[in-house]
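S.K.: If you scroll down you'll find the structure; I have some questions about it.
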Amino acid sequence: MNGGKNVGVNVSVNDGIKINSDKTLNANQQKILNKLDDNPYLTQEEIARILNVSLRTAQRNMSRLQNDGFLIRIGSRKSGHWEILTKLR
């Protein structure tokens, strides 16, 4: 796994990432995926503000989404974007 760090653009999306759609998502994680589906260029700070949660809560939820194979960061911190790997049903 990428350990929550950025992944280079040339890395295949599924390299080292276990996609498991059997995981249960909490309400904030579902909202994060919905917001990122609308705008994959949102920052963690913007997500926190939109959801009215602390930055740390947004970071923790996004890290869990990455570790569980729902979300990946493509590119750099400044010019990158989020990609949803597993769509919600």
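The values are calculated or read from the model by the stated rules, or taken from the named source; none is laboratory data. The structure presented is a predicted model; accordingly, all values stated were derived computationally and were not measured. Heads up, the Cβs are rebuilt from the backbone with ideal geometry, glycines too, and the neighbour counts pull from every protein chain shown.
S.K.: Would you mind stating whether residue 72 is over 12 Å from residue 29 (Cβ atoms), in a helix (DSSP H, G or I) and touching a helix residue (DSSP H, G or I) at 6+ places or on another chain (Cβ under 7 Å)?
M.R.: Taking the combined requirement at face value, the residue does not satisfy it.
S.K.: Here's something else I'd like to know. Among all residue pairs at least 6 apart or on different chains, which show Cβ distances below 9 Å where the first residue, located in region 42-61, is more than 21 Å from residue 74 (Cα to Cα) and the second is crowded, with 16+ Cβ neighbours inside 10 Å and of a type in the set (D, E, K, R)?
M.R.: Between residues of region 42-61 that are more than 21 Å from residue 74 (Cα to Cα) and residues that are crowded, with 16+ Cβ neighbours inside 10 Å and of a type in the set (D, E, K, R), the close pairs are 50/31; 50/35; 51/31; 51/35.
S.K.: How about region 47-69: which of its residues are in a loop (DSSP other than H, G, I, E, B), surrounded by 14 or more Cβ atoms within 10 Å (Cβ to Cβ) and modelled with pLDDT of 95 or more?
M.R.: Passing the criteria: only 53.
S.K.: Which residue is modelled with the highest pLDDT, if the candidates are limited to region 19-46 and must be in contact with a helix residue (DSSP H, G or I) (Cβ under 9 Å, 6 or more places away or on another chain) and surrounded by fewer than 12 Cβ atoms within 10 Å (Cβ to Cβ)?
M.R.: Among them, the one singled out is 45.
S.K.: Out of the residues in region 7-18 that are assigned to a loop (DSSP other than H, G, I, E, B) and under 19 Å from residue 60 (Cα atoms), which is modelled with the lowest pLDDT?
M.R.: Checked region 7-18; the qualifying residue modelled with the lowest pLDDT is 17.
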